[in-house]
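Below you'll find the structure, written out as structure tokens, and then a few comments.
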Amino acid sequence: MSQSHLLQTLAAPAWRQVGIGLRAPHYRELLAAEARIGWLEVHSENYFGAGGQPLYFLERFRERFPLSLHGVGLSLGSADPLARHHLLRLKSLVERFEPRFVSDHLCWGSVDGRHLHDLLPLPYTEEALAHFCERVDQAQEFLGRRMLIENVSSYVAFEGADMHEWDFLAAVARRTGCGLLLDVNNIHVSAVNHGFDARRYVDAMPSEAVAEIHLAGFDVSGELLVDTHGRKVADEVWSLFRYAIARLGTVPTLIEWDTDIPALPVLLGEAAHAAAILDELGHGSLDAAA
């Protein structure tokens, strides 16, 4: 993003900073509605086809909203070679839709060519850090643009870590020049599951690298929190979001809801809550956009 574009974005009313994840059940209703939404994010892999309804609708949404491409299948932390066919499809999508952001995850999800369909945590070691950074460099060079890397929620951890996850993620940004997609819900989920202070994670983030925030809901399974993206944002996550915005300033924020997808007004209500927090903290005016 250019400096002038960034300044225009930061000066926009608060609601323009808030987006929602675009899901198929909402296609027609969202196109027909006069929804106060700043931007839309889609899962990149859902639009890798050569044609069909998903791309047809995405072209129509592109006419009305800025877009963000959020990947779940690049498996940047895997020991397998980067999947060239995946990168080719992603680059084609990037060139066609010119998204605001392109992102993927701090994770691995494939081995020996088999995809596990999960976002699995890395061992937070110097060796893993060097490997992950090399892969981010390769992906950014191939795409010809900066990527955002998102923290994942986790339920187990590797022994023998050299550093905390937050230090690992911050080091990735410093070494590769990538941006960060800070998932506040994932921070809370992992903090409860592993017993660390979620604010310590936020404090470790280089503010200049954080380009996007995700908010979502979780479920409880026994003693674990499970990142399901199937509920409203929890009060504890809203509180952590307020803390993050107070520290980081205005950051484009997405409401992410992937399972048990609700009626569109529910999703828009969550987005309005996020915009209200941005407005309250002095990072825009909802009234200015009325």
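Read the figures in this text as sums done on the coordinates, not as results from a lab. Owing to the predicted nature of the structure, the values given are computational and were not obtained by experimental measurement. Here Cβ is always computed from backbone atoms with ideal geometry, including for glycine, and neighbour counts include all displayed protein chains.
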Length gained if Phe158 through Leu82 is fully extended, taking 0.36 nm per residue and subtracting the Cα-Cα distance, is 25.1 nm
Counting every C-alpha pair in region 66-214, the percent lying more than 20 Å apart is 45 percent
For 131-137, 193-199, 183-189, ranked highest to lowest by mean beta-carbon neighbours within 10 Å, the order is 183-189, 131-137, 193-199
Binned at 10 Å starting from 0, the alpha-carbon pair-distance distribution of region 178-281 in whole percents comes out as 15, 49, 32, 5
Rounded to the nearest Å, the spacing of the alpha-carbon centers of region 29-53 and region 240-285 is 19 Å
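Report the charge-dipole magnitude of region 9-117 in Debye, nearest 20, computed about the Cα centre from +1 at each Lys and Arg Cβ and -1 at each Asp and Glu Cβ. Intermediate results must be reported in sequence, preceding the final value.
Numbers: 13 positive and 11 negative charges, 42 e Å.
Using Cβ point charges on Lys, Arg, Asp and Glu, region 9-117 gives about 200 debye.
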Placing +1 on each Lys and Arg Cβ and -1 on each Asp and Glu Cβ in the chain, then taking the dipole about the Cα centre, the residue among Ala171, Tyr47, Val237 whose Cα reaches farthest towards the positive end is Tyr47
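Could the peptides 229-240, 36-47 be put in order, highest first, of the mean number of other beta-carbon atoms found within 10 Å of their residues? Please list the in-between numbers first.
On the way: 229-240: 17.6, 36-47: 20.5.
Per-residue mean Cβ counts within 10 Å order the peptides as 36-47, 229-240.
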For Thr125, other-chain or 5+-apart residues with amide H closer than 5 Å (H placed, Pro excluded) are Asp162
Once both label points are put 7 Å beyond Cα along the C-beta direction, the Glu98-Asp260 separation in nm becomes 4.1 nm
Footprinting proxy, Met163, Met205, Met147: sorted fewest to most Cβ within 10 Å, the residues are Met163, Met205, Met147
Sorted largest first, the C-alpha extents of region 3-289 along its principal axes in whole angstrom are 51, 43, 42
Measuring from its Cα centre, the chain shows a charge dipole (+1 at each Lys and Arg Cβ, -1 at each Asp and Glu Cβ) which, in debye to the nearest 20, is 980 debye
Pseudo-spin-label distance Arg145 to His43, built 7 Å along Cα→Cβ, given in nm, is 2.1 nm
Asp203 and Ala32 label points (each 7 Å along its Cα→Cβ direction) are spaced in nm at 5.1 nm
Of 271-277, 84-90, ordering from highest average Cβ density within 10 Å down gives 271-277, 84-90
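Based on the alpha carbons, how large is the Rg to Rh ratio for region 125-209 when Rh follows Kirkwood?
Expressed as Rg/Rh, it is 0.97.
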Taking alpha-carbon centroids only, region 119-153 lies from region 192-206 a number of Å equal to 20 Å
To the nearest 20 debye, region 63-193 has a Cα-centred charge dipole, built from +1 on Lys and Arg Cβ and -1 on Asp and Glu Cβ, of 640 debye
Projected onto their principal axes, the Cα atoms of region 187-234 stretch, largest extent first, over whole-Å spans of 36, 22, 12
